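The values are calculated or read from the model by the stated rules, or taken from the named source; none is laboratory data. In this text, all values refer to a predicted model and were calculated from it rather than measured experimentally. Neighbour counts are summed over all protein chains in view; Cβ atoms, including those assigned to glycine, are modelled from backbone coordinates with ideal geometry.
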Amino acid sequence: MNEEEVNELVERIHSAKESLVLFGRQVFRISSDFGELSRTHPDSFRLLAAEHKLFANKEIVHAQMEEFYKASINYIELLREINRRAIELSGTAAPKKNL
């Protein structure tokens, strides 16, 4: 890889991390809204179950959800490892742990 390609790769790693930050904020907002809605309108979800794509394929929806989140965790772990290796390659030493 030449210097320009390395720079592009580092930018992509940084961009992926920034996307996760934005995603995390969105999830926290959803959590807050969900908590409020599920207390005030618990039946609203039953009404949407027949028509919204989130609830499609009732026979396999649970398996699909589990596979999606398992894959998502693996993607985040892979990004973590890539980021760790990039930092090591940059010569930035990890802080020493106090025992």
Query - Test: Ala86 is small (Gly, Ala, Ser), closer than 30 Å to Met1 by Cα, at pLDDT below 90 and out of contact with any strand residue (DSSP E or B) (no Cβ under 9 Å at 6 or more places or on another chain) - result: no
Report summary line: When segment 20-53 is checked residue by residue, the ones that are under 30 Å from Leu79 (Cβ atoms) and among the basic types (Lys, Arg) are Arg25, Arg29, Lys53
Query - Search result, residues across segment 39-70 that are small (Gly, Ala, Ser) and exposed (fewer than 10 other Cβ atoms within 10 Å of the Cβ) - result: Ala50
Query raised in the report: What do you reckon, is Glu3 exposed (fewer than 10 other Cβ atoms within 10 Å of the Cβ) and either under 21 Å from Leu79 (Cα atoms) or without any contact (Cβ under 8 Å) to a residue 24 or more places away in the chain (or both)?
Result: yes
Query raised in the report: What number of residues in segment 64-99 are touching a residue at least 24 places away in the same chain (Cβ under 8 Å) and among the hydrophobic types (A, V, I, L, M, F, W, C)?
Result: 4
Query - Residue match in segment 20-42 (condition: closer than 30 Å to Leu9 by Cβ and in contact (Cβ under 8 Å) with a residue 24 or more places away in the chain) - result: yes
Query raised in the report: Which one of Phe68, Phe45, Phe55 is over 30 Å from Glu3 (Cβ atoms) and under 18 Å from the mean Cα position of the chain (by Cα)?
Result: Phe68
